[in-house]
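**Q** Mind having a look at this structure? Questions to follow.
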Amino acid sequence: MTQQQRILERLKTGEWLSSVEASREMYIMRLGARISDRKLGHNIIERRVEGKSYSEYKLIPPQVPVMPPA
């Protein structure tokens, strides 16, 4: 499994993923670069961790349009 695949599988859980967690749990040192590679086709948002020097990332699931009753 590639780094991008492991990151995407983790993001699909709906939880935030930080570069600290990625390095400890998946041995991925440049999470921001891997996320940048992966953003095409996925809605991934980034937030800075307050008081820290790193970011966290989260996958936003695609919205399924709701059709009004006929």
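The values are calculated or read from the model by the stated rules, or taken from the named source; none is laboratory data. Keep in mind that what you see is a predicted model, and the values were worked out from it rather than measured. In this analysis, Cβ positions are derived from the backbone assuming ideal geometry, glycine residues included, and neighbour counts consider all displayed protein chains. Heavy atoms of the whole protein, side chains included, go into the accessibility calculation; ligands, DNA and RNA do not. Shrake-Rupley method; radii C 1.70, N 1.55, O 1.52, S 1.80 Å.
**Q** How do the pairs read when you match residues in the range 13-35 that are β-branched (Val, Ile, Thr) with residues anywhere that are not in a helix (DSSP H, G or I), using Cβ under 7 Å and keeping only pairs 6 or more apart or on different chains?
**A** Val20/Tyr54; Ile35/Ile44; Ile35/Tyr57
**Q** Select from the range 39-52 the residues that are open to solvent by 70 Å² or more (accessible area, probe 1.4 Å) and either assigned to a helix (DSSP H, G or I) or closer than 27 Å to Gln63 by Cβ (or both) and list them in ascending order. Can you show your working first?
**A** As a first pass, look at the range 39-52 and keep what is open to solvent by 70 Å² or more (accessible area, probe 1.4 Å): 39-41, 43, 46-48, 50-52.
Passing the criteria: Lys39, Leu40, Gly41, Asn43, Glu46, Arg47, Arg48.
**Q** Something else now. Can you name the number of the only condition in (1) in a strand (DSSP E or B); (2) open to solvent by 80 Å² or more (accessible area, probe 1.4 Å); (3) not polar (S, T, N, Q) that Leu59 fails?
**A** Just one mismatch for Leu59, condition (2).
**Q** Can you name the residue in the range 15-31 that is in a loop (DSSP other than H, G, I, E, B) and of a type in the set (A, V, I, L, M, F, W, C) and is also least open to solvent (accessible area, probe 1.4 Å) among such residues? Give the derivation first.
**A** Our first condition is that a residue be in a loop (DSSP other than H, G, I, E, B); within the range 15-31, this holds for 15-16, 27-30.
Now drop any that are not of a type in the set (A, V, I, L, M, F, W, C), which leaves 16, 28-29.
Details: Trp16: 62, Ile28: 1, Met29: 140 Å².
My answer is Ile28.
**Q** A follow-up question, please. Mind checking which residues of the range 46-66 are over 25 Å from Glu9 (Cβ atoms) and modelled with pLDDT of 80 or more?
**A** The initial filter retains those residues of the range 46-66 that are over 25 Å from Glu9 (Cβ atoms), namely 50-51, 53, 65-66.
Residues satisfying the conditions are Glu50, Gly51, Ser53.
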